[in-house]
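Working notes for the structure below.
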Amino acid sequence: MAPLSSPKGAADQSPPPPGRGPGGGGPSRAEEEDGWQPPAILLIGPTASGKTALAFDLATRFPCDIVSVDSAQVFRDMNIGTAKPDAATLARFPHRLIDLITPEERYSAAQFRSDALREMAAITATGRIPLLVGGTMLYVKALREGLADLPQADAALRATIDAEAAERGWPALHAELARLDPETAARLKPNDAQRIQRAVEVLRLTGRTLGSYFAEQKDSAPPFNCLTLALVPGDRSELHRRIAQRFDDMLAAGLVDEVKMLRRKYRLDAGLPSMRCVGYRQVWEMLEGELPAAELRDRGVFATRQFAKRQLTWLKSMDELLVVDPLQSDSTEAVLAAVSAHL
């Protein structure tokens, strides 16, 4: 990851007009022949690193439309625990790819990539700039690199696997996976129901391991000139303080009541992706009597810190990032300079 310096005077640079061709609506014929690609911006980083505030700053100063890169904000009625912008904020800064499905449904990285590319093309067609913002690193990887050509989900087989797990437990299925696909099993925890289910499903459907599909994966970069900005706080203790404050604010705003409402409105269980989201999972466990109410706050903060740690690990594995420490006083100027130069 290449560090991003902080040029002086960045805030004084005025944004360029949208588009590149005559009228700002797209590339000229000469530019198309030269392989010109429309610009896009990816703003990523761990939870509580300041992505949202910076995105709003960029959308105010540049002709950008925001596309969410958040696997939790796709769920309708899950607002507090996902830190989804409120109605007034969305009226000012519309977000694409939020509120797509109910908490009963599932949404894959492949679906995200397809939807994101569609929205990016629609934004570019208006002469504006796609600004993709979020912390779901699997979505970022899928967008930037493409995905392996895995088989479609088989509902009947998944039901069979779930029934086996209910009878034998997910650790037993993990042990089966370890015999047949040790590489994948080594990356998964014995109770990681969602990923174990998918790995076992692929094995039974095709007789092939997930790793064999990933080995065949071809690079499939999106047809955009993407600037990827990664917010990486240099002071982890400050990030942890922000995470704790963020979870406290969610509890004060009514996170527990939100989960109670979701349980009344939808047919949910603890294995669904929506209820495995950080915060929702801990509240679910409390409501089920599996977690003492007095421990909810500390358990939620700890889970969020672990989530942020995984996000930072993902970032370390990614190439072609411009890394910004959002805790530095000149970080916004540095971002504005980089975006101005990119556009």
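Observations on the structure shown:
- On Cα atoms only, tilt of 193-206 relative to the major axis of the chain in degrees: 90 degrees
- Remark: the LYS141-ARG158 segment gains 3.6 nm on full extension, using 0.36 nm per residue and subtracting the alpha carbon distance.
- Counting charges near SER71 (Lys, Arg +1; Asp, Glu -1) among other residues having Cβ under 11 Å from its Cβ returns a value of +1.
- Mean silhouette area of segment 155-216, derived from the convex hull of its C-alpha atoms and averaged over all directions, reads 3.8 nm².
- Compared with the dominant Cα axis of the chain, that is its longest principal axis, helix 109-125 is turned about 20°.
- ALA121 paired with ASP99, simple spin-label distance in nm, labels 7 Å along Cα-to-beta-carbon: 2.6 nm
- Residues in segment 291-306 carry Karplus couplings, in order, of 9, x, 4, 5, 9, 4, 4, 5, 5, x, 5, 4, 5, 5, 5, 5 Hz; the curve used is 6.51 cos²θ - 1.76 cosθ + 1.60 with θ = phi - 60°, and Gly or Pro positions show x.
- Structural descriptor for the chain: relative contact order 30 percent, calculated from alpha carbon pairs under 8 angstrom and at least 6 residues apart.
- Matching label, Cα extents along the principal axes in Å computed from the structure shown, candidates (i) 64, 47, 36; (ii) 82, 52, 37; (iii) 81, 68, 40: (i)
- Amide hydrogen neighbours beyond the local backbone of VAL67, cut-off 5 Å, H modeled: ARG96, LEU131, LEU132, VAL133
- Between segment 301-319 and segment 220-264, the Cα center-to-center distance that results, in Å: 11 Å
- The angle separating the long axis of helix 51-61 from the principal Cα axis of greatest extent in the chain is about 30 degrees.
- Taking amide hydrogens as placed 1.01 Å from N in the peptide plane, the amide H of VAL323 sits under 5 Å from those of ALA2, LEU4, ALA230, each at least 5 positions away in sequence or on another chain.
Every read-out reported here was derived from the displayed coordinates using simple, explicitly stated rules and does not represent laboratory data. For clarity, every value in this text was computed on a predicted model and none was experimentally measured. Cβ sites come from the backbone with ideal geometry, for glycine too, and all protein chains shown count toward neighbours.
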